[in-house]
Structures are given as structure tokens and as C-alpha cells.
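Note sheet for the following structure.
The values are calculated or read from the model by the stated rules, or taken from the named source; none is laboratory data. On a predicted model such as this, the values are computed, not experimentally measured, just so you know. So basically every Cβ, Gly included, is an ideal-geometry build from the backbone, and we count neighbours across all protein chains shown. Heads up: the accessible areas ignore ligands, DNA and RNA and are worked out on the full protein's heavy atoms, side chains in. Shrake-Rupley method; radii C 1.70, N 1.55, O 1.52, S 1.80 Å.
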Amino acid sequence: TMKAQQKAMGLSYDWDREFATCDPDYYKHEQKMFLDFLKAGLAYRKESWVNWDPVENTVLANEQVVDGRGWRSGVPVEKRLLSQWNLKITEFSDDLLEALKGLDRWPDKVRIMQENWIGKSEGARVKFALAGRDDAVEVFTTRPDTLFGASFIAIAANHPLAHEMAKGDPALAEFVRECNSMGTSEATLEQAEKKGYRTRLEAQHPFDAGWTLPVYVANFVLMEYGTGAIFGCPAHDQRDLDFARKYELPVTAVVRPKDSASIEIAMDAFTDDGIAFHSRFLDGLPTAQAKTAAIDRLEKEGTGTRSITYRLRDWGVSRQRYWGCPIPVVHCLDCGIVPVKDSDLPVTLPDDVTFDKPGNPLDHHPTWKNVFCPSCAKPARRETDTFDTFFESSWYFARFCDAKGETAFSRRSVDYWMAVDQYIGGVEHAVLHLLYSRFFVRALRRCGYIGIDEPFAGMMTQGMVCHQTFRDKDGKWLQPDQVRKEGDGWVKLDDGSTVTAGRSEKMSKSKKNVVDPDRIIDTYGADTARLFMLSDSPPERDLEWTEAGIDGAWRYSQRLHRAIVEPAVALAAKGTRRPNDLGTAATEIERKIHKTIHFVTDDLEKFHFNRAVARIRELSNALEDLEGDGADVSWVRRFGWETLVKLVGPMMPHLGESLWQALGYAEMLVDQSWPAADPRLIVDDTVTIAVQINGKLRGTVELPRDADKAAAEAAALAQVDVAKFIDGRAPKKVIVVPNRIVNVVL
RNA sequence: GCGGGCGUGGUGGAAUUGGUAGACACGCCAGAUUUAGGUUCUGGUGGCGAAAGCCGUGGGGGUUCAAGUCCCUUCGCCCGCACCA
């Protein structure tokens, strides 16, 4: 039915290339890809933390963890380590970052988000030897220049040292457990109150073995980033400062602003660059040089190294769910992990699964997971995890190049068709889907599948369709067609009870603020809906679906029909030649037609559809106002309407064809070439110039285009309103911007 | 908490990218034709003011001859934060 609706809306897809990603004919190819990634070292297994619901005995998505509790069971979730499949996106961190520069048809905001997501940081790894032991704790820092301001070391709750210390310290063990009860999402971790636990460990400062720092386990240090440990410099990092104030740790400023000799730190850390002080051999150095000098010394003394860290983490693709593509490997007690043989692909999902138990149905299935090892033929266990569904969406665009092929796609067709000229999607995909797809293209290229290096050449982020929401007196959501406006409020259609009108939100089934496309098409027709959607708001912004808006579009389509179909006989016959002499009115309209072609073409190329519609309506207003029936007017009227029909064609294709026919053509409008604007006719001979006095508009003057500055100034000063305002005073200065503005400064 | 974005009349939105704020619509007001219309047509419509004029792009400050546009700051809303897909 969605397909039928799309066809009814007049969307021109090539349905021959349709496929479904849940079809084994599709996912068998990604099983092969995965095995190739495995061979190339781009897929590997790693222990990672997941949200575990101890009652349901199942892994929970972050979304399913509400206030630290499982959404069904209501019990606190635990973090648990699970062995999971990962794809090595970090292998391409630098390439993914650098190549963003070449994506010049992507919105800046998406490129910035990806840049920040990859998060390249240059700095140092520094070893702090542990007093009384022969090992060290290694930290990553971007501010080695502030080492002399260090006042503590903080390690993640799941840092090996934390686990080791917890064994002999029940209170620490409890603290670690508490940190692990928080769930895995970064938002939760960062919003939680910053807490620490002081271990018995003392770390020695790398530049002064006699100076020791306390080692804390802290809930805000991420094991996934850097080394899972930091050194705290409260004076120059806000989070460290908050921590230091809470646990009464020393705050020593070691960077001062360029223009002052010292700095007082109260509750705000000084995080800008400046000049190092109280820092022994770094004293007097500007931040950049101090960083270099500190790292040089660390390297010389063997206590640290120059290092680059990325925020980007490898992509965990294992999911413990039934609906997904099975991961094609077998676990054998003797051989370990063994890939399924190519000849045994695809590994398909069993049809006879039950959902009566929580957890992964594949794991509960009595027989599916029992197989023989492809290598030694002994009984073995099939992998029961399936792929993250982002896996499917990371290469589907390549499949479109060759949708029915026996292989995933032919390299030739992908290299020919790709990259996608124009990709469209919501901003919510800015980092995950779009980055995974960029990674996939790189991984496939490395495995010899394709030769291209980016999936999407042009990118546009589109808004969502929104609609007002309604609730009845019991707070239940109501559909827009169940309510009626009454006075200033709303009432329910069937019993007249009061309805609360809520704000406009993204259309969703749960809030019932959806409008059925079939009903729109039945009532107004596809073209009206298309025109409304194009004219209402720019595509990057959310579209507010309103009855009033549809009505406006519907009236315009009626108006166009009336303007062209009925008086068609009155329009000059098609193919009439342009008279050599056009009167004033005809000349002006002819220019307007060419300007409209020019601007509409430009607007469409830039996806400024709402502006294009406004231009078209302006032209049709002008054509309707055109009076007279001389040869020139008749010709320009015909030329105008005919051009307008061509311009409106892509927006309202069905009406367009019917109008085209009414204009006397047997051929299809869709086969006509796009009109071309005559560059000589898109500029006017005269321009209106604004005259300001002290920046305020006081009048306008008409001048020939490109009049010289002196002439513009003279005309401006002579303008009656302006002259009245100046009242004989001598201007201090006159600024003339040709063809734009004259500003008189008194 | 961090990253990104948005904020302009009663409403959706324009504004040549620092140069006449409010194009084009919706709505509203007045009038005309019909008068069964949710039809069509004409005129008006940012606010205050009788007018001259003054004010006006979430709030505050700044740069500039000139700011919706640039800078600083602040408020509100939206998106993302790696297991929602």
C-alpha cells in the first residue's frame, strides 16, 4: 500500500531495482562481506559492556533503560561484559576525518558533527609510576603543559587497577558496583553526579618522583577513551576543578593569561591558552610550545610519548535478537572461531522460533545452533548473535546499482553509478548511519569489492512532517479527523466533549497525529499535496501539515486550470512568432517571464522549492493582471502561460500534462526541454536605489543600471524627502553602493 | 553533561549572504458578485500614532556609515550521544 501511495503521488522510482534487506537473497551477500572483513582483519571479537536486565535475563538497548532500570522489569540494570563482534572503523579514523574536506556538497553541520564524533586529539600518554610497586598507571592528556598543576589521578571503574584494588577493599568494590549499575549510555554517565573513591594507591609525578598524587576511581572516566585514566589538573579543566572542590584537593594554577602575571581560580577553571608559570622548566612558554617541551622531556626520560587519540570507537555489530542477519561463524571447542564455508551460505534464520522466553530466540532454539565444525567436523555451536541493522543500511545503495545480480553487485556497475549524486535523510543520521556507510565503502574497497572512496557525493538533511496533536479529557491521543474546531477550542466530533490541543510534533502512530495520504489524494489530488509540501517550508526544516495549507494549494491548482483551460482558445495559437515590437506592458512581462525561468531554475537546483513556488505564483499573478489583446500582448500571454506550465511541471506533473494538452500539444510535457532564460532579459535597465540618512531609509530613487557614484549621490541628495530631511546641512560623508544604496551621514 | 542546529507579523515562511525587513501564501478586515456555499473578484493588513514620525527579526551588550545577517553573552526549543533503527 505504501508502494501504491508512492505511485499515486507520482514519484518516479525505478521499481525494477526494488529489494528487501530482510530477504536472504540480500543478506547472504553481507555474510560473505563479513567473512571477507574477518579475513582482512577488519572484524574481530572483543569483550564489551552491555546493559543486562537480571530479571528478564536479556540485553537491553540504551533506550530500554529508564532511570537506570529495565523498562519492563523495573529492576536496576547491571553492566555486564559480553564477547561481541566488532568492525574496525577506527582503522580508518584519520581517512574518515580527512576526506570530510572533500565532501563539499554536504551540509557543514553534518561535517562538523562527524569531525567532533571522530574527535581527533593530539597529546601525550604519560606514565605515573605507582609508589611501592613496580608498575605504573598510564594516562592520556591533551594538556601535558599543565602537568605541574596535577593534583590527582582518576581511573575508570573498570580499569584493571580498580578491579585489582577492589579485591582487598569492600567499599571500593561497592563503589565499582555502583558505577556499573548506571547503564552504558554516555549521556547518562556524563549527567550523573561526579563521584570518586580514593584508593590506597599513590602515583609519582613523572617530573618529580618525590611528589605523589592520590589515585581515585571516578565515575566520569571512560574506559573506552584514551587509556581509561586521566591526571586531574583542577585549575585548567572544569570537570577536574569540580572534582577537586568536592574532595578538597589542591588547586594549583600553572597557566596564566598572556597579559597578567598570575591568575586566581575560584569556581571557574582557566582553560584558554596562555603562558606557563610555576612549572619549572616550562616557565614563560606559551601553551603550544610548553606542550612540545613537556612531551620532549617525557620522551627523553622514558615516561611518556607523543600520542594521538580518537574519540571514535569500533562498531559493535552483535545483537542478541532474532530479526537480523545471522553472523556466519561457528564456535568449535577445538578450532575456536571458524567461518561458515562459502558454499554453505546463506545462513538463514529458522522459521520455527518461539518468543515465550525473554532473550534471544536463536539461542533458545532446540536445534538451529547445533552444527558440525566446518574445519574438524566435530559437534560445534553456531553463532546466535545477529547483525546490527545498520549493517544492512551501510551498503544498500551499492545494491541498487545491480539489484538483481548473483553477487552483491558488480564492481563495474558500482564504480560507474556511485557515488550517490544526491542523498537525502534526516539529521539524526549525521553520525551513525552516514559514518558507518563511509566506513563500509572503505572496508569494501580494501577487500577488492569496489574502487570508489565515498558513498554520497551530495547530501541534504530533510526535516520531518509534523502535525498538531490532540488529547481527550482522559489524556488519550486523538486523530486529527476525530476533532473539530469550536470557537477558540477543540471538541470531539462524536460526543462534543472538550479536547486539549497540544503542540505540533513529528507525525507518529503513537500520538495519532497522522494524516492518511490516501485520504489527501482522494480529497485534493496528488498534485495539491505535492504543491503544498513544496511551498510550505524549505525541505531542511520540519513541515507543518495543516488543512489551511492544503486548501491554499488546492485553490491555486483550480486557479491555474481556470486561467489556462477555459480561455485556451483566447490565447494566441501555439507557435506564433514574437512580434518585433512589444509595447511597454508586453516588454515588462517578457522580462518577468525570463526572470522567473532564471530564478526558478536556480531555486530548484538549490532545493529552495518554496521560493520557486513563490516565483511561479508571482508570474501567474502578473499574467492574470495582463490586459489587452494586441498582437504583442497576445503573444506574450501565450508565451507566459506556456512557460509557466513547463516550470510547474515537476511540481504538479498530472495537472501539468493536462494543461499542456489544453495548450494544444499532443506530445507529453515531461518530454519537453526545460525553458532557458535569455540573459539579456533578466536584468532591468533601471534600478531602485534606497536612500538612507544615518542608516535609516528616507526615500528611494530610480536610476539607470550601473549609474556612476557621483550621479547616484546627486540624485539621492536631490530626492524630495531626503532633501527635506537634510534641510541644507552639509553631509559628513556619503556612502554609495552601486545599484543598491546611498547612505548620507550627517 | 557534551556535540550540532533553530528562534523573523496572528500563521507558514522571504530577504540578492553586511545594503529598502516581512516576497509568496494562509488567516483576518472591508466591499462586490452570487446569495446554498468551505465559490470567485477588488482593496487593506508588522506594532504604536490623527499625522509627522517612532519602534520592530527570542533577551542583553558590542563592531560598522549600515546588522535578521558578524562578534560576545543569555534564554527557549529540537536533533544526536555509539544496543531505537
Which of the trypsin sites (Lys or Arg not before Pro) across the range A:357-415 are loop residues per DSSP, with 16 or fewer other Cβ within 10 Å?
A:404
Taking chain A as the reference, fit the longest principal axis to its C-alpha atoms, fit the long axis of helix A:653-662 to the helix C-alpha atoms, and give the angle between the two in degrees, 0 to 90, nearest 10.
20 degrees
Helix A:631-648 versus the longest principal axis of chain A: what is the Cα-based angle in degrees, 0 to 90, to the nearest 10?
20 degrees
Per-residue HN-Hα couplings for the range A:717-728, Karplus 6.51 cos²θ - 1.76 cosθ + 1.60 at θ = phi - 60°, whole Hz, x for Gly and Pro?
5, 7, 4, 4, 4, 5, 4, 4, 5, 5, 6, x
Out of residues 5 or more away from residue A:202 or on other chains, whose amide H comes under 5 Å of its own, with H placed 1.01 Å from N in the peptide plane?
A:131
May I ask you to list the aspartates and glutamates whose Cα is less than 16 Å away from that of residue A:258, ignoring any residue fewer than eight positions away on the same chain?
A:145, A:272, A:273, A:283
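If you take every DSSP beta bridge whose two residues both sit in the range A:393-536, what share of them, in percent to the nearest 5, is antiparallel?
Numbers: 13 of 17 bridges.
Among the beta bridges of the range A:393-536, antiparallel pairing accounts for roughly 75 percent.
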Amide H contacts of residue A:183 (H built 1.01 Å from N, under 5 Å, at least 5 apart or other chain)
A:79
Per residue of the range A:677-686, in order, report the coupling 6.51 cos²θ - 1.76 cosθ + 1.60 (Karplus, θ = phi - 60°) as ³J(HN,Hα) in whole Hz, putting x for Gly and Pro.
7, 7, x, 6, 9, 9, 10, 8, 6, 10
Angle, helix A:547-564 long axis vs. longest principal axis of chain A, Cα atoms, 0 to 90°, nearest 10?
40 degrees
How large is ³J(HN,Hα) for each residue in the range A:54-61, as worked out from phi by the Karplus curve 6.51 cos²θ - 1.76 cosθ + 1.60 (θ = phi - 60°), to whole Hz, x for Gly and Pro?
x, 8, 6, 6, 8, 7, 10, 6
Cross-link candidates for residue A:246: which lysines have Cα within less than 25 Å, leaving aside residues fewer than 8 places away along the same chain?
A:194, A:195
Give the long-range amide H neighbours of residue A:687: residues separated by 5 or more places, or on another chain, with amide H under 5 Å away, using H modelled in the peptide plane at 1.01 Å from N.
A:703, A:705
Probe 1.4 Å, all protein chains in place: accessible area of residue A:368 in Å², nearest 10?
30 Å²
For chain A, what's the radius of gyration and Dmax over Cα atoms, in angstrom?
34.6, 106
Which percent, to the nearest 5, of DSSP beta bridges fully inside chain A are antiparallel?
85 percent
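Among DSSP beta bridges whose residues both lie in the range A:595-746, state the antiparallel percentage, nearest 5.
Values: 13 of 17 bridges.
Taking every DSSP beta bridge with both residues in the range A:595-746, the antiparallel ones total about 75 percent.
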Please give every one of the lysines within straight-line cross-link reach of residue A:476, meaning a C-alpha to C-alpha distance under 22 Å, and leave out same-chain neighbours fewer than 8 residues apart.
A:485, A:492, A:506, A:509, A:511, A:512
Net charge (Lys, Arg +1; Asp, Glu -1) of residues whose beta-carbon lies under 14 Å from that of residue A:254, residue A:254 excluded, is -4
Is it possible to state the helix-based mean residue ellipticity at 222 nm for chain A, with each DSSP H run of 4+ residues giving -39500 (n - 2.57), the sum divided by total residues, to the nearest 500 deg cm²/dmol? What is it?
-10000 deg cm²/dmol
